[in-house]
Amino acid sequence: MVDLSKTYTVKEVAEVLRLHVDSIRRYVKEGKLKSFCFGRKFLIKGETLPILLTIILSKKRFGTPYKKKPNR
């Protein structure tokens, strides 16, 4: 269970959501997941995790857009 008042490291969020650490870092870099730096670590507030969860579920439900290959 996730405590919404707690802060989590990228690794902890990845373990909870069963995603790769690089995926969580990418969400932070893209601005989909708000975080702040404490030293060299990114910390993520528990209150932002439901937002990330809705993004992940919408991708699984609707899929990612299909990109056609250019004709040669």
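Here are the numbers for this structure:
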| read-out | value |
| --- | --- |
| Segments 28-41, 8-21 sorted - mean Cβ within 10 Å per residue, highest first | 8-21, 28-41 |
| Net lengthening on full extension, F36/H20 (0.36 nm per residue, minus Cα-Cα) | 3.8 nm |
| Equivalent ellipsoid dimensions for region 7-61 as semi-axes, Å, which come from the Cα gyration tensor, largest first | 18, 11, 10 |
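Throughout, read-outs are computed from the coordinates displayed, never taken from laboratory work. What you see is a predicted model, and the numbers here were worked out from it, not measured in a lab. No Cβ is skipped: glycine too gets one built from the backbone with ideal geometry, and neighbour counts run over all protein chains shown.
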